[in-house]
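What follows is one structure encoded as structure tokens, with my remarks underneath.
Since every read-out is calculated from the coordinates, none of them should be taken as a lab result. On a predicted model such as this, the values are computed, not experimentally measured, just so you know. Note that we place each Cβ from the backbone using ideal geometry, even for glycine, and neighbour counts take in every protein chain shown.
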Amino acid sequence: MEQMMKILEEIRPDVDFANERKLIDDHVLDSFDIISIVQEFNEAFDIEIDVEDLEPDNFNTVEAMKELIDRLRNAD
């Protein structure tokens, strides 16, 4: 979680990731942010976030992102 938060804060230091509940729905993150996040997560956690994983529900909260990472890491 700590590494994930560090990545998010480096990409968007102006966002309160810990408390924001609708990062996608409220347009806090744009498509370029998501591309950056996916690239960083793929590299940092040795996962492959596929197109079908790019749903708002997977990126609206930090908890949802962590669940996605955990699910993909355990899929191997």
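I'd like to verify a number: residues in the stretch 46-64 that are over 12 Å from ILE34 (Cα atoms) and of a type in the set (Val, Ile, Thr), how many? Don't jump to the end; show me each part of the working.
Our first condition is that a residue be over 12 Å from ILE34 (Cα atoms); within the stretch 46-64, this holds for 46-48, 50, 52, 57, 61-64.
Then drop every residue that is not of a type in the set (Val, Ile, Thr), which leaves 47, 61-62.
Of the residues in that region, 3 qualify.
I'd like to verify a number: residues in the stretch 35-61 that are surrounded by fewer than 13 Cβ atoms within 10 Å (Cβ to Cβ) and outside any helix (DSSP H, G or I), how many?
Qualifying residue count, the stretch 35-61: 4.
Please specify each residue of the stretch 4-34 satisfying the condition of being surrounded by 12 or more Cβ atoms within 10 Å (Cβ to Cβ), out of contact with any Ser or Thr (no Cβ under 8 Å at 6 or more places or on another chain) and of a type outside the set (D, E, K, R).
If the condition is that a residue be surrounded by 12 or more Cβ atoms within 10 Å (Cβ to Cβ), out of contact with any Ser or Thr (no Cβ under 8 Å at 6 or more places or on another chain) and of a type outside the set (D, E, K, R), then MET4, MET5, ILE7, LEU8, VAL15, PHE17, ILE24, VAL28, LEU29, ILE34 are the ones that fit.
Restricting the search to the stretch 50-76, which residues are β-branched (Val, Ile, Thr) and under 10 Å from the mean Cα position of the chain (by Cα)?
Here is the first cut: in the stretch 50-76, the ones β-branched (Val, Ile, Thr) are 51, 61-62, 69.
Listed by number, the residues that qualify are THR61, VAL62, ILE69.
Residue-by-condition table, conditions (1) farther than 15 Å from MET1 by Cα; (2) in contact (Cβ under 8 Å) with a residue 12 or more places away in the chain; (3) acidic (Asp, Glu):
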| position | (1), (2), (3) |
| --- | --- |
| PHE17 | no, yes, no |
| ASP26 | yes, no, yes |
| SER31 | yes, no, no |
| ILE34 | yes, yes, no |
| GLU40 | no, yes, yes |
| ILE49 | yes, yes, no |
| LEU54 | yes, yes, no |
| PHE59 | no, yes, no |
